[in-house]
Amino acid sequence: MSLGGLVLSVAMLLWTVPATGTPARPAADGDRAAGRGPGAARTSPAAERETCADGRDPAESLRPSNEAGPAVERVRRAGRLVVGVDQNSYLWGYRDPSSGDIVGFDIDLVKAIAKDLLGDDPEIVYKTVPTDRRIPAVQRREVDMVVRTMSITCARLKEVAFSTAYFEAGQQILAPRSSSITGFDETLRGKRLCTAAGSTAQTLLEKDDGGAEPVYVDNQLDCLVRLQLGEVDAVMTDSALAAGQAAQDPSVRLVGDPLTVEPYGVAMHREDEDLVRRVNKVLDDYRRGGENSPWMAAYKRWLADKMEVAEPAPPAPAYRDR
Amino acid sequence: MTQPPSGPPPTPAVPPVPASRQAPRSGASVAVPGPPRRTAWAEGVDRLRAAAVTEPGRLRIIGAVLVALVLAFGAVTAWQVSDRAAAAEAVVARSQPLSADAASLYRCLADADTTAAGAFLAGGDEPPELRERYERDIRTASLLLTRAAANSDASDPGYAEIVKLNRELPVYTGLVETARANNRQGLPLGGAYLRHAGERMREELLPAAEALHRFETARLREDHGAARSRPVLALLTGVVALAALGWAQRRHHLRTNRVFNLGLLAATVATATTLLWLIAAHGLARSGLDDSDRYGARSLQVLNEAWTGVLRARGDENMTLVARGGGAEYEESYQAGMREVAGDPVAGERDGTGLLARALALADDAEGRTPVRDALRATDRWREHHATARALENDGRYDDAVALVVGPGRDTARSAFDAVEAGLAEAVEHEQREFERAAERGRDALDGLPAGAGALAVLGAVGVVLGIGRRLSEYR
């Protein structure tokens with residue numbers, strides 16, 4: 001553990017400081033090629049996959065480990081896991097209006113993690129966090145982790161730690177079926193394009209809005225409300241979340257190719273290394289088993305009917321330490 | 001003794017103009033070169049001046065002036081009192097009810113929104129009593145809005161707000177119904193619609209209702225002020241008329257040695273009666289209106305403010321749960337709102353600040369104090385339940401927290417909130433009655449005065465004519 005910790009901190013140091021002298025690593029490596037997940041199946045070659053300043057894949061995390069450190073001990077002592085989730089992302093993390101319970105693909109993963117940490121029938125406290133509150137909630141330790149369709153990006157890695165990727169999606173455009181909008185192209189010029197404040201889509205649009213007029217709201221689902229009310233013309237969000245929106249309103253559809261490839265990860269405090277490793281261990285088990293893996297079970301339960309993916313499979317994990 | 005003591009008549013000003021009675025010289029005066037044409041005004045002045053030379057002439061002038069003063073007093077009194085009576089009537093019959101309606105409209109809207117959020121929180125099949133409450137709120141709001149529109153025209157400052165409310169209310173209910181439909185489908189989109197509806201309510205409807213209440217209350221203040229403003233002109237004319245009558249009688253006494261001139265005496269009595277009536281009636285009206293303000297309006301204003309605060313706090317409480325962990329700002333807003341309504345809870349003791357404590361101090365009788373005290377006690381219970389619910393949620397027992405806040409039962413935040421509302425409703429109703437009673441008393445005090453003042457003025461004028469006529473007849 002101590003040797004591993006040393007190696008890790010050196011690795012982290014190297015990775016956070018932009019490598020000026022070392023030549024950038026080639027963008028594609030074995031891990032990544034193997035990591036084509038459900039989102040990747042619909043990804044066009046044009047879709048960008050982010051590479052950090054040191055030339056590495058942001059989705060690279062710490063090697064899994066079952067060893068309990070201070071963070072795991074803290075959770076165990078508290079006797080419950082406090083998780084930041086969403087209650088508005090249909091299929092991912094949403095409040096089922098009939099039961100009032102929060103359910104979804106993300107929530108199934110939360111339950112697996114909690115069970116591993118706390119044993120059978122674990123106590124889980126769900127705290128809903130708006131998109132732009134996810135990072136502060138982790139940093140201020142208001143939650144132990146955030147499992148909320150959160151894309152792993154280089155910028156966010158400077159603020160929080162991520163698990164390995166458990167899903168891959170990409171930014172896409174959602175528009176009414178009758179709309180002339182065909183994707184993130186000239187058909188969006190002058191149109192009102194809605195997205196959640198603090199989302200990766202906002203970062204993307206701030207760099208280049210392609211002539212569209214961005215509208216920022218608290219929550220990606222608020223975009224669908226505005227789209228239905230005619231207050232915006234299109235929505236930009238992850239293909240995964242967009243699928244959830246389209247599932248709630250058959251008159252809208254995804255148009256054009258995904259603009260990015262974004263791995264989803266579990267966000268934790270940067271100091272909670274043992275918890276990151278522990279979650280990665282849970283994810284390993286979660287992915288294992290092919291057609292019979294817990295991951296596939298959750299996929300079939302929530303997403304299979306709503307996403308058009310030829311061969312769904314979890315993205316393969318990538319690690320930055322050896 | 002029939003000659004005036006002033007002795008020789010005043011010397012006419014240049015050019016010397018003959019009095020109309022000195023006929024022989026009138027021809028000569030025409031020949032006098034001067035202004036070729038004379039204005040009617042100048043002629044009149046000359047004629048008066050000529051008349052003032054002889055006693056009968058003077059008497060005629062005095063009589064005319066007295067009649068004019070007595071009639072003017074009657075007319076000004078009738079006019080000014082009618083104005084005040086109309087304003088008092090407007091207070092009682094129009095502006096007060098409309099101001100109360102506007103306050104009630106605001107409450108209905110805020111309550112509808114809070115109830116919608118509560119029904120959403122309850123999940124699953126929405127509790128029928130919450131659904132009914134929401135529908136009753138919307139029905140009442142539409143009714144109040146129609147009434148406000150019927151009593152307003154495009155020139156009113158509140159008109160724009162009424163138009164806005166009429167436009168936004170169906171939009172709001174549409175959003176809430178969309179939310180319900182989506183909830184029934186099991187889609188989280190319903191919750192997003194409800195948030196959107198709540199935003200519309202807070203940003204469009206409630207500010208418009210608040211502005212409407214402000215305008216209606218300003219109109220009430222205006223009518224109230226107009227009704228209680230002193231009829232200065234009438235009082236002045238009355239005093240001048242009385243003084244003139246007194247002077248005429250003294251002059252009469254000095255010249256004839258007679259003590260009374262019955263006609264003038266009657267005119268004096270009539271005028272004095274009107275003046276006393278005016279002073280007494282307006283004094284009563286003013287005291288009634290002041291009472292309506294002191295015992296009704298001030299309490300009502302504070303109670304309405306408290307009620308608004310209570311509804312807002314309830315909305316915040318629900319939203320804290322709807323936000324589920326992401327509602328820190330709602331919680332802050334709840335605490336601030338409750339402090340404003342019920343003061344700072346210092347170790348469980350109320351510290352006597354806050355709107356309800358003020359309303360308690362303003363309540364002037366037991367009937368007014370009891371419901372406020374009940375409401376205040378219920379806020380304590382509400383705060384306790386709220387704190388427990390917060391602790392439950394922070395402890396991960398979200399469902400228990402929801403049950404404590406919106407669940408049925410006698411010992412929940414909902415029942416405490418209902419008790420606060422019930423107390424406030426009773427107190428408002430009581431103060432409303434107090435206001436109406438006092439304002440009606442004020443309005444009724446002026447009853448009959450305009451007609452009476454007119455009749456007495458005619459009586460006085462007749463007295464003056466008879467009295468002066470009697471003196472004049474002594475010269476024939």
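Of the residues making up the range A:224-248, just one is open to solvent by less than 10 Å² (accessible area, probe 1.4 Å) and part of a loop (DSSP other than H, G, I, E, B), namely A:VAL232. For the range B:182-200, the count of residues that are under 30 Å from A:GLN245 (Cβ atoms), free of Cβ contacts under 8 Å to residues at least 40 places away in the same chain, surrounded by fewer than 20 Cβ atoms within 10 Å (Cβ to Cβ) and basic (Lys, Arg) is at least one.
So in the range A:80-98, with the set limited to residues that are at the interface with chain B (Cβ under 7 Å from one of its Cβ atoms) and of a type in the set (Ser, Thr, Tyr), which one is nearest to A:PRO130 (Cα to Cα)?
So, considering only residues that are at the interface with chain B (Cβ under 7 Å from one of its Cβ atoms) and of a type in the set (Ser, Thr, Tyr), the one nearest to A:PRO130 (Cα to Cα) is A:TYR94.
Going through (1) farther than 18 Å from A:GLU231 by Cβ; (2) open to solvent by 60 Å² or more (accessible area, probe 1.4 Å); (3) within 14 Å of chain A (Cβ to nearest Cβ) one by one, B:ALA160 falls short only on (3).
Going by the conditions given, is B:GLY409 out of contact with any Leu (no Cβ under 8 Å at 6 or more places or on another chain) and surrounded by fewer than 19 Cβ atoms within 10 Å (Cβ to Cβ)? Against the criterion (out of contact with any Leu (no Cβ under 8 Å at 6 or more places or on another chain) and surrounded by fewer than 19 Cβ atoms within 10 Å (Cβ to Cβ)), B:GLY409 qualifies.
Here is a yes/no grid of residues against (1) over 27 Å from B:THR379 (Cα atoms); (2) charged (D, E, K, R); (3) more than 36 Å from the chain's Cα centre (by Cα):
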{"site": "B:ALA241", "(1), (2), (3)": "yes, no, no"}
{"site": "B:LEU245", "(1), (2), (3)": "yes, no, yes"}
{"site": "B:ALA248", "(1), (2), (3)": "yes, no, yes"}
{"site": "B:ARG255", "(1), (2), (3)": "yes, yes, yes"}
{"site": "B:LEU262", "(1), (2), (3)": "yes, no, yes"}
{"site": "B:ALA267", "(1), (2), (3)": "yes, no, yes"}
{"site": "B:THR271", "(1), (2), (3)": "yes, no, no"}
{"site": "B:SER287", "(1), (2), (3)": "yes, no, no"}
{"site": "B:ARG294", "(1), (2), (3)": "no, yes, no"}
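Within the range B:236-250, being surrounded by fewer than 22 Cβ atoms within 10 Å (Cβ to Cβ) and touching a residue at least 24 places away in the same chain (Cβ under 8 Å) holds for B:VAL239, B:VAL240, B:LEU242, B:ALA244. For the range B:440-459, indicate whether the set of residues that are assigned to a helix (DSSP H, G or I), of a type in the set (Asp, Glu) and buried (at least 21 other Cβ atoms within 10 Å of the Cβ) is non-empty. Taking every residue of the range B:440-459 in turn, none turns out to be assigned to a helix (DSSP H, G or I), of a type in the set (Asp, Glu) and buried (at least 21 other Cβ atoms within 10 Å of the Cβ). The set of residues from the range A:142-160 being over 26 Å from B:ASP395 (Cα atoms) and surrounded by 24 or more Cβ atoms within 10 Å (Cβ to Cβ) comprises A:SER151, A:ILE152. Taking the criterion of being at pLDDT 95 or above and either under 28 Å from the mean Cα position of the chain (by Cα) or surrounded by fewer than 14 Cβ atoms within 10 Å (Cβ to Cβ) (or both), the residues of the range B:127-137 that qualify are B:GLU135, B:ASP137. Do we have any residue at all in the range A:120-139 that's under 24 Å from A:ARG287 (Cβ atoms), away from chain B (no Cβ under 11 Å), among the β-branched types (Val, Ile, Thr) and buried (at least 24 other Cβ atoms within 10 Å of the Cβ)? Yes, the range A:120-139 has at least one match. The condition of being in contact (Cβ under 8 Å) with a residue 60 or more places away in the chain and within 13 Å of another protein chain (Cβ to nearest Cβ) holds for A:VAL146. Listed here are the helices (runs of 4 or more DSSP H) enclosed by the range B:226-325 that have at least 1 residues being touching a helix residue (DSSP H, G or I) at 6+ places or on another chain (Cβ under 8 Å) and under 30 Å from B:ALA112 (Cβ atoms): B:298-323.
Quick one: is A:ALA112 assigned to a helix (DSSP H, G or I), in contact with a Pro (Cβ under 7 Å, 6 or more places away or on another chain), more than 14 Å from every other protein chain (Cβ to nearest Cβ) and touching a residue at least 40 places away in the same chain (Cβ under 8 Å)? When the stated conditions are applied, A:ALA112 passes them.
Each row is one residue, and each column tells you yes or no for (1) without any contact (Cβ under 8 Å) to a residue 24 or more places away in the chain; (2) part of a helix (DSSP H, G or I); (3) buried (at least 19 other Cβ atoms within 10 Å of the Cβ).
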residue	(1), (2), (3)
A:PRO250	yes, no, no
A:VAL261	no, no, yes
A:LEU275	no, yes, yes
A:VAL279	no, yes, yes
A:VAL282	no, yes, yes
A:LYS300	yes, yes, no
A:LYS306	no, no, no
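Counting the residues of the range B:390-417 that are in a helix (DSSP H, G or I) and in contact (Cβ under 8 Å) with a residue 40 or more places away in the chain gives 10.
The values are calculated or read from the model by the stated rules, or taken from the named source; none is laboratory data. As the structure is a computational prediction, the values presented were derived from the model and not from experiment. Because the Cβ atoms are built from the backbone with ideal geometry, glycine has one as well, and the counts that use them run over all protein chains shown. Ligands, DNA and RNA are stripped out before the accessible areas are found, and what is left, the full protein with its side chains, is counted by its heavy atoms. Shrake-Rupley method; radii C 1.70, N 1.55, O 1.52, S 1.80 Å.
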